[in-house]
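The values are calculated or read from the model by the stated rules, or taken from the named source; none is laboratory data. Just so it is clear, the model here is predicted, and its values are computed rather than measured. As a convention, Cβ positions derive from the backbone with ideal geometry for all residues, glycine included, and neighbour counts pool all protein chains shown. Keep in mind that these areas ignore ligands, DNA and RNA; they rest on the heavy atoms of the full protein, side chains included. Shrake-Rupley method; radii C 1.70, N 1.55, O 1.52, S 1.80 Å.
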Amino acid sequence: MPFLGQDWRSPGWRWVKTEDGWKRCEPFSPAREDGNNQLNDLSHTVIITGDDENEEVYNTEDCEFAAKKRKKDHFRNNTDSQCFYREKWIYVHKESTKERHGYCTLGEAFNRLDFSSAIQDIRRFNYVVKLLQLIAKSQLTSLSGAAQKNYFNILDKIVQKVMEDQYNPRLIKDLLQDLSSTLCILIRGVGKSVLVGNINIWICRLETILLWQQQLKNLQMNKQVNNGLTLSDLPLHMLNNILYRFSDGWDIITLGQVTPTLYMLSEDRQLWKKLCQYHFAEKQFCRHLIPSEKGHIDWKLMYFALQKYYPIKEQYGDTLHFCRHCSILFWKDTGHPCTASDPNTCLMPVSPQHFIDLFKF
């Protein structure tokens, strides 16, 4: 079983137990193993330079240092590169111990939890987008340079996915709006060293964001070919059940714009009352009653009024989980090396805001 973090005997390496004993390996992608093996082989040889008169022999430590420097230069020069780790979990620790130097940062967690693959899963897509939005609002400067590069690479993949699949563009528009607003503020304060990297890089990133916003604004939904039954052909009770499945008021309004029948169903007072009761406590909406002209409570206006005062419940198909026994953050289906007798009793789902809070010190 590998160590959960860096071994204190050799910082920066991960040790794995094999039949021949403990061996160290690097957490990079398999695609780069060939290049890494060549560099590793280089670190255990003696290098002799060409001229006989000025012959220099480098010891093993010098070779190992040169090999590590080459690796760093390789990953720095590749601007689109992203580090991939075999383990899709991370140990969350907030103080140094003998076995673990330093502490776990937000940027480190962002790099280790494989969000690039997560956005391809429709159950996790909204979760990752919400997390990126929270980071854009307040935690962008907490990311390291590598994590910031990873952040924008993932954001690029999200935009391309939305452009191809037309999936939830409104959510991405809100994310880009928050990110562009934050960057405009941070770029003005660049003299205070609030951003990692050259100012020109961030200006280019801001221009890219504006380009993405324009692309999403011009996005045209693909028209489906009518090969049979359509949404309008469903009976009223089925259409009504579909509307009752939505947890977002804007989704109900958008669906109501499709046909006159759906518009009529989307204006149902009982539908908006159920939505208010789901997201807000009775004491909350009793403080903000909005009567209509006929003296009844306007639940639709109530919903959007309450949304400004109280956070609504967030629903996600899949979330990150935190093991209280091991202090490990991970995706549930990938698992983690838990030592508890009953691991399921130690699991706790982690919301996007909770994820941010885990790395506040």
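Annotations for the structure displayed:
- Surface composition of the range 197-288: carbon plus sulfur atoms hold 55% of the accessible area, using a 1.4 angstrom probe and ignoring ligands, DNA and RNA.
- FRET efficiency, GLN177 to ASN241 (Cβ-Cβ, R0 30 Å, nearest 0.05): 0.35
- Those residues of the range 235-261 whose amide nitrogen sits under 18 Å from the label point placed on PHE304, 7 Å along Cα→Cβ: 247-258
- Rolling a 1.4 Å probe over the protein heavy atoms gives the range 133-277 an accessible area of 58 Å² per residue.
- Spin-label pair THR208-LYS274: with each label point 7 Å from Cα along the Cα-Cβ axis, the two points sit 4.4 nm from one another.
- Computed from label points 7 Å out along Cα-Cβ, the spacing between SER327 and LYS217 is 4.8 nm.
- Distance violations [Cα-Cα > 27 Å] among LYS161/LYS217; LYS157/LYS273; LYS88/LYS308; LYS300/LYS332; LYS283/LYS332; LYS274/LYS360: LYS157/LYS273; LYS88/LYS308; LYS300/LYS332; LYS283/LYS332; LYS274/LYS360
- Rounded if a/c under 1.5, otherwise prolate or oblate - the range 253-330, Cα gyration tensor axes: oblate
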